[in-house]
Every structure is written in structure tokens, then in C-alpha cells.
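The values are calculated or read from the model by the stated rules, or taken from the named source; none is laboratory data. Please read all numbers here as calculations on a predicted model, not as lab measurements. Here the Cβ positions follow ideal geometry from the backbone for every residue, glycine too, while neighbour counts run over all protein chains shown. Just the protein is used for accessible areas: all its heavy atoms, side chains included, with ligands, DNA and RNA removed. Shrake-Rupley method; radii C 1.70, N 1.55, O 1.52, S 1.80 Å.
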Amino acid sequence: MVSGIRLYTESGFLSKAQHYQAVLSLRGVSVSIETVEKLNARFLRLHPEIALCVDEHGLWLCANGMKMQPDWQAEVPRLKRASLKSEMIARACNLAEKPTLIDATAGLGHDSLLMAHLGARLTLVERHPILFTLLEDTKQRAAQDPFLAKIVSRIELVFADSAEYLQQQIQQHAKFDVVYLDPMFPQRDQNQQAVKKQAQVKKQMQLLHLLLPEDGDMDLGDYLLDLAMQISDRVVVKRPRLAVFLANLKPDHQWQGDACRFDAYFTKKTC
Ligand SMILES: C[S@@+](CC[C@H](N)C(=O)[O-])C[C@H]1O[C@@H](n2cnc3c(N)ncnc32)[C@H](O)[C@@H]1O
């Protein structure tokens with residue numbers, strides 16, 4: 001987990017940068033601000049190490065000459081094409097029933113945004129302080145967008161480790177319709193079968209992988225499955241197509257796609 005990081009900004013955005021510095025400090029990340037003359041593509045190319053930057057569009061993660069933020073506005077055309085029938089995730093999570101859903105591995109929030117668009121009411125849990133702050137910023141921007149505002153009103157963000165969050169929900173006897181899990185997964189699955197690489201790994205995913213732990217000490221999230229099953233009727237796990245089952249537990253049902261699949265565990269066996 002990152003404990004200290006540089007943040008680049010131009011002088012016009014210094015107070016904004018100080019705001020993020022204060023927020024991240026409360027979340028355990030020490031940020032050193034560097035004011036630069038021009039925060040442009042050339043600057044980012046010349047400073048390839050992982051860092052943050054702040055401009056008129058808010059907070060960004062940057063590295064290797066690229067910058068990224070969870071871009072929910074860019075998802076709008078995809079959301080407009082999506083339907084309960086066409087989306088495998090909608091069938092896996094039974095979105096037609098407008099479920100209450102915990103996404104316990106929020107990441108960039110793209111899966112959740114789609115699920116909120118298709119009717120779910122979601123709690124997104126993310127434990128990485130920088131990713132969480134990027135998500136929070138993105139949600140605030142999305143709330144100003146006429147198409148996204150209603151969708152994001154169905155999304156609540158929680159900065160926590162899901163193991164602790166799910167434990168709390170168990171203690172409070174809370175119940176949710178669905179828990180959705182999409183933990184990080186190594187490029188190769190545990191059977192050493194090559195997981196099909198997408199022709200073009202999205203820039204956002206490349207940067208996400210830089211921020212999160214390397215394959216060796218990657219947390220595969222096996223322990224989340226049992227906790228999730230204690231508070232929901234259905235747990236849905238997104239996996240690369242050839243990956244082993246989460247916690248080695250065979251699902252009750254699977255939906256298979258070209259690059260990924262959804263494994264479903266029904267805790268009410270009437271499904
Ligand atoms: C593969 S990404 C999820 C991508 C997401 N489905 C999306 O659409 O953008 C996995 C995310 O889960 C988070 N994560 C993994 N284990 C977690 C845990 N125990 N608690 C909270 N977040 C966790 C990681 O920090 C990472 O951001």
C-alpha cells in the first residue's frame with residue numbers, strides 16, 4: 001500500500017491540491033505537493049514515476065507518461081447501450097429485481113456504475129486510500145452530469161477493508177440481496193493456464209495494476225466469499241474466464257463470457 005506520494009499541480013490549482021493532500025493524509029497517505037509551470041503531456045513523459053496530479057478536472061493518478069481517473073462520464077455511451085437482457089452481469093446479479101448490493105471490491109467502480117444504471121442500489125467498498133479518493137472525486141463530478149446524477153444517487157461509497165466491513169454487517173444482522181466480488185487476479189491463473197489478454201489492456205487498468213500489489217503478494221480475496229455468503233442471498237464473483245474458483249469453492253451457477261465469467265453462489269437454495 002502506498003504511504004507517501006508526490007502530487008504535481010499548477011499554481012492555479014494549489015488550494016485544490018492542498019484539499020486532496022489533507023483528505024489523503026486522513027486516509028494515511030502522506031502527499032508532497034510540487035507546483036510546476038506546465039502540467040502537460042511532455043511533463044508527464046519526463047516524470048514517469050507513479051504520482052498524483054491535480055488540474056481543472058480534479059485528481060488523477062499518473063505514471064509512465066499517462067494519467068487516469070475513474071472516468072464515469074466516458075461510460076455513458078456504454079450505459080445507454082446496456083440492458084437487463086444484454087448484460088451478463090445483470091443476469092448474474094438478478095438486477096431485474098432492483099437488488100440491494102454490496103460491491104466489496106469497488107476498484108474504478110465501472111461494474112457498479114453499470115449495475116446502478118440497471119437498477120441496483122449499491123454500497124461500494126474500497127480499501128485503497130488513493131483509489132477511494134479518486135472514486136469519491138469521480139462520484140462528485142458524476143453527480144453534476146444530467147445523465148449520471150440519478151444513477152449515482154443509488155451509489156454509496158465506503159472507505160474500508162471489506163473483510164472488516166462485512167464482519168460489521170454480520171454482527172448487525174444486516175441482509176443484502178447480493179454481494180459482488182471482483183478481487184485482483186494474477187495474469188496467469190493458478191493452473192498456470194494463460195488467461196487471455198485483451199488485445200489492448202486499457203490504460204486505466206495498467207495504472208490500476210501499478211498502484212496495487214504485484215502478483216507475488218497479491219491478495220486474492222478468498223476469505224471474502226464466506227463472509228459475503230453470511231449476509232446475502234447471492235454472491236457473484238467475477239473471474240477471468242480460465243481462473244480457478246474463489247476459495248476453491250464450486251459455484252452453484254456460472255455465466256461464461258469471452259474474457260470473463262460470473263460465478264454465483266446461492267445461499268437461499270430456492271434460486
Ligand atoms: C479488479 S479491481 C475491481 C474492479 C471493479 N470491478 C471495476 O469495475 O472497476 C479490485 C479492487 O478491489 C479492491 N479490494 C481488494 N480486496 C479488497 C478488500 N478486502 N477490501 C476492499 N477493497 C478490496 C482493490 O483495492 C481493487 O481496487
Connecting every pair of Cα atoms under 10 Å apart in the chain and solving the GNM, the largest mean-square fluctuation among 138, 123, 35 falls on 35
Using the structure shown, list the pairs from 16/175; 85/150; 203/250; 16/98; 139/250 with a Cα-Cα distance above 27 Å, or answer none. 16/175; 203/250; 16/98; 139/250
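For region 73-266, compute Rg over Rh where Rg is the Cα radius of gyration and Rh is the Kirkwood radius from the inverse mean 1/r over Cα pairs.
With Rh from the inverse mean 1/r over Cα pairs, Rg/Rh is 0.93.
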For an R0 of 35 angstrom, estimate the FRET efficiency from the Cβ-Cβ distance between residue 32 and residue 164 and round to the nearest 0.05. 0.75
Charge tally for neighbours of residue 153 with beta carbon under 11 Å away, counting Lys, Arg as +1 and Asp, Glu as -1, is +3
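Give me the dipole magnitude in Debye, nearest 20, for region 73-266 about the Cα centre, with unit charges on the beta carbon: positive for Lys and Arg, negative for Asp and Glu.
On the way: 24 positive and 25 negative charges, 196 e Å.
In total the dipole reaches around 940 debye.
Counting alpha carbon pairs within less than 8 Å and at least 6 residues apart, what relative contact order, in whole percent, applies to region 4-68? Walk me through the numbers on the way to the answer.
On the way: 115 pairs, mean separation 23.8, N = 65.
Taking the mean separation of contacting Cα pairs over the length of region 4-68, I get 37 percent.
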How long, wide and thick is region 52-92, going by the Cα atoms along their three principal axes, in whole angstroms, largest first? 39, 20, 14
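What number, in percent, do you get for the relative contact order of region 73-266 if the mean sequence gap of Cα pairs under 8 Å and at least 6 apart is divided by its residue count?
Normalised by residue count, the contact order of region 73-266 is 21 percent.
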Leaving out ligands, DNA and RNA but keeping every protein chain, what accessible area does residue 252 have, in Å² rounded to the nearest 10, with a 1.4 Å probe? 80
Among 120, 69, 12 the positive-end extreme of the charge dipole of region 1-127 (Cβ point charges): 120
Using a 7 Å offset from the Cα along the Cα-to-Cβ direction at both residue 144 and residue 16, what is the distance between the two label points in nm, to one decimal? 0.8
Normalised per residue, the volume inside the convex hull of the alpha-carbon atoms of region 4-68 in Å³ amounts to 72
Stretch gain in nm, segment residue 80-residue 259, where the contour uses 0.36 nm per residue and the Cα spacing is subtracted: 62.2 nm
If packing is taken as the mean number of other Cβ atoms within 10 Å per residue, what is the order of 146-159, 59-72, highest first? 59-72, 146-159
Environment charge at residue 180 (Cβ cut-off 10 Å; Lys +1, Arg +1, Asp -1, Glu -1): -1
